[in-house]
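Asks: Questions regarding the structure given below will be posed in turn.
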Amino acid sequence: MSRTMTALVNFAAAPYSVDLREAPIPSIGEDDVLLRVAAVGVCGSDLHQYHGSQSWKVNYPVILGHEFAGTVVETGARATAFHPGDRVVSETAAVINPASPFVRSGAYNLDPARLGFGYGVDGAMTEYVRVPERCLHRLPDSLAFETASLTEPCCVAYNATCVQSPIHPGASVAVIGPGPIGLLCAMMAHLAGASPLIVIGMPQDAKRLAVARAIGATRTFDVSGDELLEAVRATGDGYGVDVVIDAAGVSAALQTALAIVRPAGHITKVGWGPKPLGFNMDPLVQKAVTLQGSFSHNWPMWERVIGMLASGQLDLTPVLSAVRPLDKWEECFAGMQSGEMVKAVLTPAA
């Protein structure tokens, strides 16, 4: 095969410094596999890097893409668990410190030395990607690559909703931010038995709020409307909702979360926002609210989500808006930025 490949490269910090370029096919180490990428999801973080608005350090130039699935084509000398032809999906923790206490305890997603695909090391918006064998999970033949490539954002939502949040059947839940992660959190909350399930967005989120209703939301609100606070506070016994999932990309969403959560309630923040808080945090104290952050995922969550996808318990049809070849990346980025698409998937090896 040719020793070069086409890759979507984020080559500088300036906005819109992303383009298709030729890159060498990576060589692999003894503990790595070379993966032929069948499908790679477009994430909001890819859009942030495209616009130069991210709040994390990027090692330029870097190939974008961290939500991916494909086929093993080559294995390193010590990579013996997988073989050429195996269908796999990859986690995102491309570099971790094996001596870290977080890694040793299984919380490698919280390792401060962690580097992920698509910003720390080259990602998968290309034909081939080098992956440490420890990152891989097997895929059943019945699970399409396009669906499997979205395991990663599903794991983000699973962690935030089903691990970090006390959601049980009958719990009242509000999700702020109907982006991809917010909608997946709503799907997880629905599966966990949340009732009522409320999703809150912006005026431009009308299409995504319609998707929220299709996946189980009992009510949706435009955050700009005057009726929001009173309507949500009046849920159930009138004191607010049991759990709020803040999946918005702005820090100010936390103010809304504090306003609608009930005393002794719970807020899980999974959305990133670089802007500082500009409001009083006293309601957190006055209501004795638990505020929990949620970041990334680990091996058990991946196995659980893959099983949910394979069984059909987790149906991504409402959120998988487009599957396109790699050279249509601009269409997919624009569609997700505008809200016309919820999730787009690129197929580099097609």
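FYI, it's all coordinate maths here, none of it is from the lab. Quantities reported herein were computed from a predicted structural model and do not represent experimental measurements. We place every Cβ from the backbone using ideal geometry, glycine too, and count neighbours over all the protein chains shown.
Asks: Let's see if you can work this out: charge +1 on each Lys and Arg Cβ, -1 on each Asp and Glu Cβ, no other charges. What is the dipole magnitude of the range 157-293 about its Cα centre, in debye to the nearest 20?
Replies: Around 280 debye, computed over the range 157-293.
Asks: Among the aspartates and glutamates, select those whose C-alpha is under 15 Å from the C-alpha of Lys287, and discard any that sit fewer than 8 residues away in the same chain.
Replies: Asp242
Asks: While we're looking at this one, here's another question. Using Cα springs under 10 Å in a Gaussian network model of the chain, which residue among Gly106, Gly118, Gly44 shows the largest mean-square fluctuation?
Replies: Largest GNM mean-square fluctuation: Gly106.
Asks: Could you work out how far helix 180-191 tilts from the main Cα principal axis of the chain, as a 0 to 90 degree angle to the nearest 10?
Replies: It is inclined by approximately 70 degrees.
Asks: Now, a different point. I need the shape label for the range 97-164. Rule: rounded when a/c is under 1.5, else prolate if a/b > b/c, else oblate, with a, b, c from the alpha carbon gyration tensor. Could the numbers behind the result be given before it?
Replies: Working: a/c = 1.87, a/b = 1.25, b/c = 1.49.
It is oblate, given that a/c is not under 1.5 and a/b is not larger than b/c.
Asks: Could you name the aspartates and glutamates in cross-link range of Lys57, using Cα to Cα under 20 Å and dropping any fewer than eight places away on the same chain?
Replies: Asp19, Asp46, Glu67, Glu91, Asp111, Asp122
Asks: Between the alpha-carbon centers of the range 64-95 and the range 1-58, tell me the distance in whole angstrom.
Replies: Between the Cα centre of the range 64-95 and that of the range 1-58, the gap is 16 Å.
Asks: Is the chain best put as rounded, prolate or oblate by its Cα gyration tensor, with a ≥ b ≥ c the root eigenvalues, rounded for a/c under 1.5, and otherwise prolate when a/b is larger than b/c, oblate when not?
Replies: prolate
Asks: Long-range amide H contacts for Asp122: which residues qualify at under 5 Å (H placed 1.01 Å from N, peptide plane, sequence gap of 5 or more or a different chain)?
Replies: Ile63
Asks: Counting only DSSP beta bridges with both residues in the chain, what percent are antiparallel, rounded to the nearest 5?
Replies: Within the chain, antiparallel bridges account for around 55 percent of the total.
Asks: While we're on this one: For the range 125-146 and the range 230-261, what is the separation of their Cα centres, given in Å?
Replies: The distance from the Cα centre of the range 125-146 to that of the range 230-261 comes to 37 Å.
Asks: For Lys207, give me every one of the lysines with a C-alpha distance below 16 angstrom, ignoring sequence neighbours fewer than eight places off in its own chain.
Replies: Lys343
Asks: Now for a different question. For the range 69-203, what is the Kirkwood hydrodynamic radius in Å, using each pair of distinct C-alpha atoms?
Replies: Roughly 17.0 Å, rounded to one decimal.
Asks: In the calculated pair distance distribution of the range 20-109, what percentage of Cα-Cα distances lie above 20 Å? List each step's numbers first, then the result.
Replies: Details: 2006 of 4005 pairs.
Tail of P(r) above 20 Å: 50 percent of Cα pairs.
Asks: Still on this structure, please answer the following. Compute for the range 167-233: radius of gyration divided by Kirkwood radius, i.e. Rg/Rh, restricted to C-alpha atoms, rounded to two decimals.
Replies: Over the Cα atoms of the range 167-233, Rg/Rh equals 0.94.
Asks: Work out how far the C-alpha atoms of the range 157-293 reach from end to end along every principal axis, then list the three figures in whole Å, largest first.
Replies: 36, 31, 29
Asks: Add -39500 (n - 2.57) for each DSSP H run of 4 or more in the chain, then divide by its residues: what number comes out at 222 nm, to the nearest 500 deg cm²/dmol? List each step's numbers first, then the result.
Replies: Working: 11 runs with 87 residues, N = 350.
Rounded to the nearest 500, the figure is -6500 deg cm²/dmol.
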